[in-house]
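Sharing a structure, written as structure tokens. Questions coming.
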Amino acid sequence: MLYIKCPYCGLRAQKEFSYGGDATVKRPNINEEVSSEDWDNFVYMRKSPRGKHLELWQHIAGCRQWIKVQRDTATHEIFQTAKVTEEIR
Amino acid sequence: MSQPFRLNKEGLINRNKKISFTFNGKKLFGYEGDTIASALIANGIHLVGRSFKYHRPRGFFGAGVEEPNAKLQVEFNGHSEPNVNATEMELVEGLSATSQNCWPSVNFDIGAINNFLKMFFPAGFYYKTFMWPKSFWYKIYEPFIRKAAGLGVASIEKDKERYEHKFEYCDLLVTGSGPSGLASAYAAAKNGAKVILAEDKPRFGGTLLTDDVSIDNLSGKDWAEKIISELKSMPNVTVKNRSQVFGYYDHNMLVMFERVSDHLEKKSKFTPRQRLWYIRAKETILSTGSIERPIVFGNNDTPGIFLSAAAKEYMKVYGVLVGKKPLIFTNNDSAYETALEFKKNNVEPIILDTREEHSSELIDEAKSKGIDIRFSHGVIVANGYKKVKSAKIGKLNKDKNSFEKIETVDCDCICVSGFWTPSVHLASQSGNKLKYEEKIDAFIPDKKKQHETSVGAANGSFTLEESLKNGFENGSNLSAKITDTKTEIAIPNVNEKKYGAHDKFWCMPLPKNENPKRFVDFQNDVSVSDIEIALREGYRSIEHVKRYTTLGMATDQGRTSNLNGLQLVSNIENKIVPEVGHTTFRPPFTPITIGTIVGREVGMEYMPTRKTPMHEWHEKNNAVFVDAGAWKRPRYYKQGNETLFEASKREAKNVRENVGICDVTTLGKIDIKGPDAAEFLNRVYTNAWMKLPVGKARYGLMLREDGIVMDDGTTTRISENHYHMTTTTAQAANVLSHLEYYLQIVWPELNVNVVSTTEQWAGAAIAGPKSRDMLSKLYPDLDVSNDALPFMGYKEAEFFGVPSRIFRISFSGELAYEINVKSDHGMFMWEKMMEVGKQFGNQPYGTEALSTLRIEMGHVAGPELDGRTIPSDVSLNGLVSKKKDFIGKNSLGREAFNVESRQKIVGLIPIDRKSSIPEGSHIVQDQNAKLPNPKLGHVSSSCWSVENNNPFSLAIMKDGKNMIGKKFFAVSPLKNKSIEVEVISSHYVDPEGKRVRS
Ligand SMILES: [Zn+2]
């Protein structure tokens, strides 16, 4: 079970969180034209990297905040976590 | 009552307390502190089971977790458990053990015929033999395999025992209380670290209990006792015996299995049987020791053949002799200690040493004691069927592949030692890739991926001095990093015997024309020839060889077989072992009970139960409940001998004719507040929300970004910046997360807050033509006329002195209202409604009637919004705004979503107007068509229409409304039914929706 550091609550067990997918995906702006290709990329196309992956998790059984987690998909090593408003490099 | 193989003095058992037990029906006794194995051996019993494939007689081989053979069915404390390891299970009064995998008995087993047909059971025999024809599987092969190869029998009784889970955190977890583990724990404890020391066995000390060593002038055993008692006295240390750390998971979480009370005769009913510990450790010391590996030779699975260290442990710990005429077969010095222990107990062993004549401290000692040592010797084949009687031994030539001389010697046991294999399972589980250590012919941990450090024998250090030093240093350094304290500890003086070099010899050659089975893996009956066949057939990867032959796949995880298997493969392939590699270790290290994994989450505790504030009333009024997620909802209220069908029909009919009330507390409720709330709703829902006035509700539909309907519900504008959203019961949690996602990540600029209020409100729906009359009595001071409170209207008013919210919304399609009060007032509201409603013929209705009402109205719900439908599929395209943008809008333009023939909602009625249509039925044109019969759609919801008094169903069907008037078959292979149906509109009752507005 992963041990995830919620930037609001501290280190908590994985079972308090739910997974939210790739954090680098940006939704096309609302009320703006978007090409079919861009839209399809946003809805469907995800990289599935082996290694570092920036992803979203929600602390559902805690503060209910969505957070960013940079994790190695092969080893599960977590390099960094942050609030969604913060940058992770 | 005498025990022929019990020594008079030796051992750590309590000779003052006799324990009686039975084995295969025979009454026996042992002592407190015995395992089933030691007690049986003391009684001269070695034949305990039959092997998995060939049903060969099998006896004990080890003295602990390494045991591959002695798995018994054991009954104790009122339960029966299969596959219990006899070398680990402690004896308790009244225990009854029986052999497994034998029929009719362990002494005469019909399956043993397999042993004589072994040419038919080569490697991969399951794959090869039981391939075809397919029908043979069910009728012949499977029943045969089950009967012949079954291990133990799982109990079908309910497990009455209590199992617990515990979460723990520590600075340092030490797994194993041998010398290196004790030293690590002690050093870390002295540095003030929070330490957990876990020992799998009942006694602490590991090899210190059996090795002839001294530390600071104390015997190994006394030193271990001293350290343990000191550790136990320290508040920062938890010391646990009978506790095995069996799994190493991510982020340094380890899982430990504690056998709390299996060894106790009496216990309180609150004492758990076993406990699972989830331990999050900052650092882990892996002091798991090593396991002796055998040398492979002919019939090496015959009862009476032991690992040499096990034989020593039976003498030293249990005071039991595994035999009185032992052969010691070894390639290293450690077995000499076993020989010396035999000698000490007046038993004359013969040592067969594969090495050429040489000298070492132990060899010299054995010589000086007059022990018969034969160098360059080994056992070729063991003789005896149910017990070793003699052995054919050979003097090896210099090439070690041929014999100078062969002879037969009498013996009653063979103690074999092929050197030591570090127990690296936890390191491997943690992600450590392991490396091959030439010096010891085995794998040891390599670069660490997590916070683990292997010490002592687990790391390939086989001397006491090194192990202690290793332990003290690592325990001290690792803990000092955490506690910032470093206490100097003097490394104790050690007295131990120096071992000479071992021989890289692992398999005895066979003389010409002799072909006895030579087993590599005992538990899965994998022999040398099986592995040879696998390689001959082209299997190369060790992982494939493992799966094809089942080498190392049994419950013992190949503890005694892995390395010999690798040696064999590398020899045949002309590779070195590290090139062959090793297979992956996976948790659990030893089998653990299902009860422990489940813990307290059984029965009612399986998951939380959510009850509405009116639950007690429902119970008292014969509600039959149905699970809706964690909620309990009344499905129907049973009157007399009514069936579900009769009751739901009565309840639904009463709503259509009079008025009914339904507990709708379980609907998801989300409070939405903020100046941008309207804008937010406008983006979340497909329809327009900017112009909804205060005091009005609106039905809304939300999509996922891929255009699929996510949920529906009504949202009411309570005040300028305050909305009350409802969701379906099932989607409540998902919708909240969805809203939070958009507010926190996508549109943080929107000033809106959302919070779940599901449990803050109790809700009741009042539905039926008489609902307004009833409402007027519930709110005598309120104008509830159609003008004052129109469809989709909202009012706040006092309900007999209690604040309440009135929503004029309808799920049943009838004139209806939903009243919300604070949860605490829910029961009061409900009882008042029942009382006031009497005069209008009010009856409560459950979810079954609710379904009937919504289905015949053509209102969609979960079965239609099944994660595959878009709004136009379920006739909700009227709710999709063309003017504004919203979540999922861009997806609705996809080509496949706009194909005319797309499956859409329709209604179905049976041609005979009688046969109900099973939900899930497939709709086909021709019920007799050849398979695969083209499927045109499926039946999503079915009911008995109370309005029209015949069955009615909703279906999602190709070409949708274009099919109206046509006839098809609804086929349910599951129910073996085929019903001719006609397609009609999905709005079967009141298609114009007049009633809700009346
Ligand atoms: Zn949090």
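The values are calculated or read from the model by the stated rules, or taken from the named source; none is laboratory data. If you're wondering where the values come from, they're calculated on a predicted model, not measured in any experiment. Ideal geometry is used to build each Cβ from the backbone, glycine not excepted, and the neighbour counts take in all protein chains shown. Quick note on the areas: whole protein, heavy atoms, side chains included, nothing else; ligands and nucleic acids left out. Shrake-Rupley method; radii C 1.70, N 1.55, O 1.52, S 1.80 Å.
Out of (1) more than 9 Å from every other protein chain (Cβ to nearest Cβ); (2) of a type in the set (Phe, Trp, Tyr); (3) part of a helix (DSSP H, G or I), what's the single condition that is false for A:TRP39?
A:TRP39 satisfies every listed condition except (1).
Another one. Does any residue of the range B:339-358 turn out to be under 42 Å from the mean Cα position of the chain (by Cα) and either assigned by TED's automatic domain parsing to the domain that holds B:ALA37 or open to solvent by less than 10 Å² (accessible area, probe 1.4 Å) (or both)? Spell out the reasoning first.
First, pick out the residues of the range B:339-358 that are under 42 Å from the mean Cα position of the chain (by Cα): none.
Within the range B:339-358, none of the residues are under 42 Å from the mean Cα position of the chain (by Cα) and either assigned by TED's automatic domain parsing to the domain that holds B:ALA37 or open to solvent by less than 10 Å² (accessible area, probe 1.4 Å) (or both).
Related question: Among the residues of the range B:162-187, which ones are farther than 12 Å from B:ALA458 by Cβ and over 18 Å from the mean Cα position of the chain (by Cα)?
Taking the range B:162-187 first, the residues farther than 12 Å from B:ALA458 by Cβ are B:162-173, B:177, B:182-183, B:185-187.
Listed by number, the residues that qualify are B:GLU168, B:TYR169, B:CYS170, B:ASP171, B:LEU172, B:LEU173, B:SER177, B:LEU182, B:ALA183, B:ALA185, B:TYR186, B:ALA187.
Taking only the range B:853-872 into account, find how many residues are crowded, with 23+ Cβ neighbours inside 10 Å and of a type in the set (D, E, K, R).
Residues that pass the stated criteria total 2.
Consider the range A:58-81. How many of its residues are within 19 Å of B:TYR742 (Cβ to Cβ) and in contact (Cβ under 8 Å) with a residue 60 or more places away in the chain?
Within the range A:58-81, the first condition is being within 19 Å of B:TYR742 (Cβ to Cβ), and the residues that meet it are A:58-60, A:63-68.
Those still in the list that are in contact (Cβ under 8 Å) with a residue 60 or more places away in the chain too: A:67.
The qualifying residues number 1.
Would you mention how many residues in the range B:715-748 are within 14 Å of another protein chain (Cβ to nearest Cβ) and in contact (Cβ under 8 Å) with a residue 60 or more places away in the chain? Full working, then the answer.
At the first step, the residues of the range B:715-748 found to be within 14 Å of another protein chain (Cβ to nearest Cβ) are B:732-748.
Pick out the ones that are also in contact (Cβ under 8 Å) with a residue 60 or more places away in the chain and you get B:732-733, B:735-736, B:739, B:742-743, B:747.
Qualifying residue count for the region: 8.
Now, a different point. Which condition does B:ILE279 not pass, out of (1) open to solvent by 10 Å² or more (accessible area, probe 1.4 Å); (2) within 14 Å of chain A (Cβ to nearest Cβ), if it passes all the others?
Condition (1) is where B:ILE279 drops out.
Just wondering, is there one or more residues in the range B:354-368 that are polar (S, T, N, Q), within 30 Å of B:SER2 (Cβ to Cβ) and in a helix (DSSP H, G or I)?
The answer is no; no qualifying residue exists.
Among the numbered conditions (1) open to solvent by 30 Å² or more (accessible area, probe 1.4 Å); (2) within 16 Å of the ligand (Cβ to nearest atom); (3) at pLDDT 95 or above; (4) more than 8 Å from chain B (Cβ to nearest Cβ), tell me where A:ILE60 comes up short.
With (1) open to solvent by 30 Å² or more (accessible area, probe 1.4 Å); (2) within 16 Å of the ligand (Cβ to nearest atom); (3) at pLDDT 95 or above; (4) more than 8 Å from chain B (Cβ to nearest Cβ) applied to A:ILE60, the lone miss is (4).
Do we find that B:PHE505 is touching a residue at least 40 places away in the same chain (Cβ under 8 Å), among the aromatic types (Phe, Trp, Tyr) and open to solvent by less than 10 Å² (accessible area, probe 1.4 Å) in this structure? Before you say what the answer is, go through the steps one by one.
Values: touching a residue at least 40 places away in the same chain (Cβ under 8 Å): yes; among the aromatic types (Phe, Trp, Tyr): yes; open to solvent by less than 10 Å² (accessible area, probe 1.4 Å): no.
When the stated conditions are applied, B:PHE505 does not pass them.
Out of the residues in the range A:79-89 meeting the condition of being within 12 Å of chain B (Cβ to nearest Cβ) and not charged (D, E, K, R), tell me which one is surrounded by the fewest Cβ atoms within 10 Å (Cβ to Cβ).
A:THR85
Give all pairs with beta carbons closer than 7 Å in which a residue from the range B:358-370 that is under 11 Å from B:LYS343 (Cβ atoms) meets a residue that is of a type in the set (D, E, K, R) and assigned to a helix (DSSP H, G or I); count only pairs at least 6 apart in sequence or on separate chains.
Going by the 7 Å Cβ cut-off, the qualifying pairs are B:LYS369/B:LYS343.
Output the residues belonging to the range B:237-266 that are on the phi > 0 side of the Ramachandran plot and either among the acidic types (Asp, Glu) or within 14 Å of chain A (Cβ to nearest Cβ) (or both). Give the steps one after another, and end with the answer.
Of the range B:237-266, the ones on the phi > 0 side of the Ramachandran plot are B:242, B:251-252.
Within the range B:237-266, B:HIS251, B:ASN252 qualify.
Can you tell me which residues in the range A:42-57 are without any contact (Cβ under 8 Å) to a residue 12 or more places away in the chain and within 10 Å of chain B (Cβ to nearest Cβ)?
Within the range A:42-57, A:VAL43, A:TYR44 qualify.
I've got another one for you. Is it true that A:GLN65 is more than 12 Å from chain B (Cβ to nearest Cβ) and within 16 Å of the ligand (Cβ to nearest atom)? Don't jump to the end; show me each part of the working.
Values: more than 12 Å from chain B (Cβ to nearest Cβ): no; within 16 Å of the ligand (Cβ to nearest atom): yes.
Here the answer is no, as A:GLN65 does not meet what is asked.
Name the pairs whose Cβ atoms lie under 7 Å apart, with the first residue in the range B:859-872 and among the hydrophobic types (A, V, I, L, M, F, W, C), the second assigned to a loop (DSSP other than H, G, I, E, B), and 6 or more positions between them or separate chains?
Every condition considered, the pairs that remain are B:ILE870/B:GLY707; B:ILE870/B:ILE708.
Can you find a residue that is within 14 Å of chain A (Cβ to nearest Cβ) and either surrounded by fewer than 16 Cβ atoms within 10 Å (Cβ to Cβ) or part of a loop (DSSP other than H, G, I, E, B) (or both) anywhere in the range B:898-913? Working first, answer last.
Filtering the range B:898-913 for residues within 14 Å of chain A (Cβ to nearest Cβ) gives B:898.
Then keep just the ones that are either surrounded by fewer than 16 Cβ atoms within 10 Å (Cβ to Cβ) or part of a loop (DSSP other than H, G, I, E, B) (or both); that gives B:898.
Yes, there is a match, as at least one residue in the range B:898-913 is within 14 Å of chain A (Cβ to nearest Cβ) and either surrounded by fewer than 16 Cβ atoms within 10 Å (Cβ to Cβ) or part of a loop (DSSP other than H, G, I, E, B) (or both).
While we're on this one: Among the residues of the range B:691-726, write down those that are more than 23 Å from B:LYS904 (Cα to Cα), open to solvent by less than 10 Å² (accessible area, probe 1.4 Å) and not aromatic (Phe, Trp, Tyr).
Hits for the range B:691-726 are B:LEU692, B:ALA697, B:THR715, B:THR716, B:HIS724, B:MET725.
What residue, among those in the range B:440-485 that are basic (Lys, Arg) and surrounded by 15 or more Cβ atoms within 10 Å (Cβ to Cβ), is nearest to B:VAL195 (Cα to Cα)?
Going residue by residue through the range B:440-485, those that are basic (Lys, Arg) are B:447-449, B:469, B:481.
The next check asks that each one be surrounded by 15 or more Cβ atoms within 10 Å (Cβ to Cβ); those that pass are B:448-449, B:469.
On the way: B:LYS448: 21, B:LYS449: 21, B:LYS469: 19 Å.
Going through the qualifying residues, I end up with B:LYS469.
Given the structure, is B:HIS251 surrounded by fewer than 20 Cβ atoms within 10 Å (Cβ to Cβ), in contact (Cβ under 8 Å) with a residue 24 or more places away in the chain and closer than 25 Å to A:LYS5 by Cβ?
Working: surrounded by fewer than 20 Cβ atoms within 10 Å (Cβ to Cβ): yes; in contact (Cβ under 8 Å) with a residue 24 or more places away in the chain: yes; closer than 25 Å to A:LYS5 by Cβ: yes.
Judged against the criteria, B:HIS251 is a match.
For residues that are more than 16 Å from the ligand (Cβ to nearest atom) and in a strand (DSSP E or B), tally how many sit in the range A:68-80. Walk me through how you get there before you give the answer.
To start, the set of residues in the range A:68-80 that are more than 16 Å from the ligand (Cβ to nearest atom) comprises A:70-77, A:79.
Restricting the remaining residues to those that are in a strand (DSSP E or B) gives A:70-72, A:79.
Total satisfying the criteria: 4.
Right, another one. For the range B:934-998, give me every one of the strands (runs of 3 or more DSSP E) that falls completely inside it and has 1 or more residues that are farther than 30 Å from B:ASN658 by Cβ, in contact with a Phe, Trp or Tyr (Cβ under 8 Å, 6 or more places away or on another chain) and polar (S, T, N, Q).
Numbers: elements: B:937-945, B:950-957, B:967-972, B:977-984.
Passing ranges, in order: B:977-984.
A further question follows. Hey, does the range A:31-39 have a residue that's within 16 Å of the ligand (Cβ to nearest atom) and of a type outside the set (A, V, I, L, M, F, W, C)?
To start, the set of residues in the range A:31-39 that are within 16 Å of the ligand (Cβ to nearest atom) comprises none.
No, every residue in the range A:31-39 fails to be within 16 Å of the ligand (Cβ to nearest atom) and of a type outside the set (A, V, I, L, M, F, W, C).
Filter the range A:68-78 for residues that are under 13 Å from the mean Cα position of the chain (by Cα) and not basic (Lys, Arg); which is farthest from the other protein chains (Cβ to nearest Cβ)? Break it down stepwise before answering.
Within the range A:68-78, the subset under 13 Å from the mean Cα position of the chain (by Cα) is A:68-73, A:78.
The next check asks that each one be not basic (Lys, Arg); those that pass are A:69-70, A:72-73, A:78.
Details: A:VAL69: 12, A:GLN70: 14, A:ASP72: 10, A:THR73: 12, A:ILE78: 7 Å.
The residue in question is A:GLN70.
Considering only residues of the range A:7-30 that are in a loop (DSSP other than H, G, I, E, B) and more than 14 Å from the ligand (Cβ to nearest atom), which is surrounded by the most Cβ atoms within 10 Å (Cβ to Cβ)? Walk me through how you get there before you give the answer.
Initially, the range A:7-30 is screened for residues in a loop (DSSP other than H, G, I, E, B), giving A:7-9, A:17, A:23-30.
Applying the additional criterion that residues be more than 14 Å from the ligand (Cβ to nearest atom) yields A:23-30.
Details: A:ALA23: 20, A:THR24: 13, A:VAL25: 15, A:LYS26: 9, A:ARG27: 15, A:PRO28: 17, A:ASN29: 11, A:ILE30: 17.
Here the answer is A:ALA23.
State yes or no: is B:GLY878 among the small types (Gly, Ala, Ser), within 14 Å of another protein chain (Cβ to nearest Cβ) and surrounded by fewer than 18 Cβ atoms within 10 Å (Cβ to Cβ)?
Details: among the small types (Gly, Ala, Ser): yes; within 14 Å of another protein chain (Cβ to nearest Cβ): no; surrounded by fewer than 18 Cβ atoms within 10 Å (Cβ to Cβ): yes.
Considered against the rule, which asks whether it is among the small types (Gly, Ala, Ser), within 14 Å of another protein chain (Cβ to nearest Cβ) and surrounded by fewer than 18 Cβ atoms within 10 Å (Cβ to Cβ), B:GLY878 comes out as no.
What are the residues in the range B:483-514 that are over 21 Å from B:GLY192 (Cβ atoms) and among the basic types (Lys, Arg), if any?
B:LYS497, B:LYS498, B:LYS504, B:LYS512 - these are the residues of the range B:483-514 that are over 21 Å from B:GLY192 (Cβ atoms) and among the basic types (Lys, Arg).
Now for a different question. Which of the residues that make up the range B:10-44 are hydrophobic (A, V, I, L, M, F, W, C) and open to solvent by less than 30 Å² (accessible area, probe 1.4 Å)?
Kept after step one, since they are hydrophobic (A, V, I, L, M, F, W, C), are these residues of the range B:10-44: B:12-13, B:19, B:21, B:23, B:28-29, B:36-37, B:39-42.
Hits for the range B:10-44 are B:ILE13, B:ILE19, B:PHE21, B:PHE23, B:LEU28, B:PHE29, B:ILE36, B:ALA37, B:ALA39, B:LEU40, B:ILE41, B:ALA42.
Taking the stated definitions as given, is B:VAL74 buried (at least 23 other Cβ atoms within 10 Å of the Cβ) and without any contact (Cβ under 8 Å) to a residue 40 or more places away in the chain? Step through it out loud before you land on a result.
Values: buried (at least 23 other Cβ atoms within 10 Å of the Cβ): yes; without any contact (Cβ under 8 Å) to a residue 40 or more places away in the chain: yes.
Here the answer is yes, as B:VAL74 does meet what is asked.
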